[in-house]
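These notes are about the structure you will find just below.
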Amino acid sequence: METLEKKANFWDNLYFGYVPGKYFLLFFFITVLGIIFDASPKGFLGAYTICTVFGIMLDKVGETVPVVNTYLGGGSFVAIFGAAVLMYFNVFSESTTTLISDFVKSMDYIGWVVGALICGSILAMDRKLLIKAGALYFVPILGGIALAFGLTAITGQIMGYGWRQAILFVSLPIMGGGTSAGAVPTAATYAAAMSKDNAYYLSMIMPAVVIGNALAVVSAGILNSVGNKFPKTTGNGRLMRSAITPDEAAREKKPLDPLAMGRGFIITGIFFTIGILISKLVPSIHYYAWTILSCAVCKISGVFPERLQEDVYQWYSFIMRVAIPCVLFSIGFVYTDLAVVIANLNATYFILVLMTLLGAILGPWFIGKALGFYQVECAITAGLCMANMGGSGDIATLGAANRMELMPFAQISSRIGGAIIILIASVLAPLIGYGL
């Protein structure tokens, strides 16, 4: 009798993500059958179901495996890289692979999630804290860039790779905001100022971007562990050393309201529309950055009604609770190319990438501490979110660090910080790129 009670309690208490274990295993089995027999629903529903079910399963594995769950980001790490392994070995059928790829690229599921995280976290932030953090945030970003370039250049020269090559082909592209907003314009900048064509430079810098992104995710998990071990270094998701306000504490305890969530979803789309409209006037800056700015202006000025801010926060809370396993799996499956990582993983190259990441972490860590930022959060946002692959990299990095609420600052690093890197590339390429 006692054994039966233990079994019953085990199944009652076993959860995979937010799904009871006794139901989830059946869901997983049916999902696998759907993939095998090409019976998955088409469009958003089918892709969301597959990515969520596999994301939750891999997340559970990551939270269970020792060392991984303590030092490497746990479930988020395994969800991303487990998905990348499934893609690398072509485990899914072509139709399922296409379904997931369309879901991420054509339907922009990642943008859907990023929108909720940006708008919800900014409008939920304390107004005074937002003003203070925004005014100081670029200082640790610049410190991270300088130290990343310096450490990589010195290491490249010592190892015989060359200090110029180390900066232009390793550290600069890693710190440059990903692929479409980073590597592609960087390659074009190099081609205009140096000796070879665009395609050559793109092939030179893409391995650094991909490997840098992978190491940024791993580093985020490690920084999360550092924060757990040394609590004074982290705000557990808060960027600056300011106590949580009573209003925010009360908001956390409010039950989700479906109608408020619906309004929040629409308002998020409105803010994104504003960002896109402004970007048509100033296309050199990504519309994510303009969306962040429009949310910040509404919050700081007080023109946006408190009730509507609560609605956006409700939508943000829903996304935080249910959408993350799906987005982590889809990022790993679509954007984490293990073939590129494996092909370029020699000792010298790996060390140079590692030096870039180390500089990106240490610069914001020490500068951020001096300015009143929590070291862990500052190193993640102003450092690692400069070194990953833009929007998808931000989600992967913050997921591994368990700090999704930092998305607005992560996006500032990726979008505006990435634009700064393109400007630096246009200066450095003619200065030190001769003959390369």
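The values are calculated or read from the model by the stated rules, or taken from the named source; none is laboratory data. These numbers were taken from a predicted model, which means no experiment stands behind them. Cβ coordinates were reconstructed from backbone atoms using ideal geometry, including for glycine residues, and neighbour counts include every protein chain displayed.
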message: Looking at residue 79 and the list (1) closer than 22 Å to residue 317 by Cα; (2) at pLDDT below 85, which single condition is not satisfied?
response: (2)
message: Given the condition within 14 Å of the chain's Cα centre (by Cα) and among the aliphatic types (A, V, I, L, M), answer yes or no: does some residue in region 410-424 qualify?
response: yes
- prompt: Taking region 220-232, which residues are farther than 11 Å from residue 385 by Cα and touching a residue at least 40 places away in the same chain (Cβ under 8 Å)?
  reply: 221, 222, 223, 224, 225, 226, 227
message: Checking the structure you have, find out if any residue of region 316-326 is assigned to a helix (DSSP H, G or I) and surrounded by fewer than 16 Cβ atoms within 10 Å (Cβ to Cβ).
response: yes
- prompt: Do you know which of the residues in region 294-306 that are in contact (Cβ under 8 Å) with a residue 12 or more places away in the chain and assigned to a helix (DSSP H, G or I) is farthest from residue 391 (Cα to Cα)?
  reply: 300
- prompt: Looking at region 333-364, which of its residues are surrounded by fewer than 24 Cβ atoms within 10 Å (Cβ to Cβ), under 21 Å from the mean Cα position of the chain (by Cα) and not in a helix (DSSP H, G or I)?
  reply: 337
- request: Look through 170, 209, 217, 184 and report the one residue that is aliphatic (A, V, I, L, M), touching a Pro at 6+ places or on another chain (Cβ under 7 Å) and either buried (at least 23 other Cβ atoms within 10 Å of the Cβ) or free of Cβ contacts under 8 Å to residues at least 60 places away in the same chain (or both).
  value: 209
query: Just to be sure, is residue 381 of a type outside the set (D, E, K, R) and crowded, with 19+ Cβ neighbours inside 10 Å?
result: yes
- request: Considering each residue of region 251-275, count those that are in a loop (DSSP other than H, G, I, E, B) and either among the hydrophobic types (A, V, I, L, M, F, W, C) or modelled with pLDDT under 85 (or both), and give that number.
  value: 3
statement: A careful count of residues in region 61-76 that are crowded, with 22+ Cβ neighbours inside 10 Å and modelled with pLDDT of 90 or more gives 0
- request: Please specify each residue of region 316-341 satisfying the condition of being under 23 Å from residue 19 (Cβ atoms) and aromatic (Phe, Trp, Tyr).
  value: 316, 318, 329, 333
query: Among the residues of region 332-342, is any out of contact with any strand residue (DSSP E or B) (no Cβ under 8 Å at 6 or more places or on another chain), at pLDDT 90 or above and of a type in the set (Gly, Ala, Ser)?
result: no
task: Inspect region 276-285 for any residue being modelled with pLDDT of 85 or more, closer than 22 Å to residue 113 by Cα and surrounded by 18 or more Cβ atoms within 10 Å (Cβ to Cβ) and give the result as yes or no.
output: no
